[in-house]
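Remarks on the structure that follows.
Bear in mind that the values in this text are calculations on the coordinates, not laboratory data. None of the values given here were measured: they were computed from a predicted structure. Here the Cβ positions follow ideal geometry from the backbone for every residue, glycine too, while neighbour counts run over all protein chains shown.
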Amino acid sequence: MIYLELFLTFFKIGLFTFGGGYAMIPLISDAVVKSNWLTSEEFLNFVAVCESTPGPIAINMATFVGSSQGGILGSICATSGVVLPSFFIILAILVILKKFLKYKGVQGFLAGVRPCVVGLIVATAIIIGMSTLMSVSSIGDKIIFQWKEIVIFLLIAIIGFIYKKIRDKKISPILLICISAIFGIIFNVAF
């Protein structure tokens with residue numbers, strides 16, 4: 001039954017991922033592509049939509065994937081699956097682990113998990129970047145540079161850099177997403 005499968009898949013992802021939504025992206029990608037729920041290209045489109053909508057990316061991803069596979073009930077099952085492990089883990093931390101944070105073993109565990117989380121986030125950025133800018137989704141794929149996406153990426157990076165230099169603070173990610181969307185419309189209509 002698709003609803004149970006959605007719940008269990010996203011429950012496992014929520015249970016075994018440390019570091020938040022961005023660290024979950026590779027696991028979600030692996031699960032949904034292997035299950036034939038989405039193609040790699042559809043998944044990347046979902047990531048783009050999830051990035052530009054309010055809320056945590058993992059919850060947005062679960063909701064979108066669940067909705068694509070099982071409608072409203074599918075989105076509820078997938079979203080519940082991804083949220084419940086964190087909810088229970090936070091409760092356990094609040095009740096139990098708070099007393100143990102002073103111990104070296106617990107500190108060592110957390111120190112060991114942090115580099116893994118950084119690695120997962122960096123790997124996700126590389127995978128999404130290569131797929132978006134060069135149409136490479138797996139080893140051996142022919143590199144096809146996506147010039148529109150590359151130009152938009154460079155324009156957004158330049159805008160962010162100039163804004164930081166002029167205003168001495170970072171530009172709002174929301175504003176960058178809006179500017180990027182406008183560039184996307186312009187480039188795809190004009191060219």
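Put in order of Cβ neighbour count within 10 Å, fewest first, the listed residues Ile158, Ile127 become Ile158, Ile127. Counting only Cβ charges, +1 for Lys and Arg and -1 for Asp and Glu, the dipole size of the range 147-190 around its Cα centre is about 220 debye. Simple point charges give the picture: +1 on the Cβ of Lys and Arg, -1 on the Cβ of Asp and Glu, and for the chain a dipole about the Cα centre of about 980 debye.
Answer with one residue from Phe187, Leu175, Ile162: the one whose Cα lies farthest towards the positive end of the charge dipole of the range 147-190, charges on Cβ with Lys, Arg +1 and Asp, Glu -1. It is Ile162. How large, in Å, is the range 81-137 by the Kirkwood hydrodynamic radius built from its alpha-carbon pairs? Evaluated on the range 81-137, it is 14.0 Å.
Which residue fluctuates the most in the chain, going by a Gaussian network model with Cα springs under 10 Å, if the choices are Phe153, Phe100, Phe11? Comparing Phe153, Phe100, Phe11 in a Gaussian network model of the chain, the most mobile one is Phe100. When the trypsin sites (Lys or Arg not before Pro) in the range 47-131 are filtered for DSSP coil states and for at most 13 other beta-carbon atoms within 10 Å of their beta-carbon, the remaining sites are Lys102. Applying 1/(1 + (r/R0)^6) with r as the Cβ-Cβ distance of Leu91 and Leu176 and R0 = 25 angstrom yields a FRET efficiency of 0.10. Neighbours of Leu175 by Cβ distance under 15 Å: Lys/Arg scored +1, Asp/Glu scored -1, total +3.
Once every DSSP H run of n ≥ 4 in the chain is given -39500 (n - 2.57) and the sum is divided by its residues, what mean residue ellipticity at 222 nm do you get, rounded to the nearest 500 deg cm²/dmol? Rounded to the nearest 500, it is -27500 deg cm²/dmol.
Of the residues Ile166, Ile93, Ile13, the one that moves most in a GNM of the chain with alpha-carbon contacts below 10 Å is Ile166. Of Val65, Val95, Val33, the residue with the greatest mean-square motion in the GNM of the chain, using alpha carbon springs below 10 Å, is Val95. Applying a DSSP loop filter and a limit of 16 other Cβ atoms within 10 Å to the trypsin sites (Lys or Arg not before Pro) in the range 112-175 leaves Lys142, Lys169, Lys170.
The mean of 1/r over all pairs of different alpha-carbon atoms in the range 2-98, once inverted, gives a Kirkwood hydrodynamic radius of 13.3 Å.
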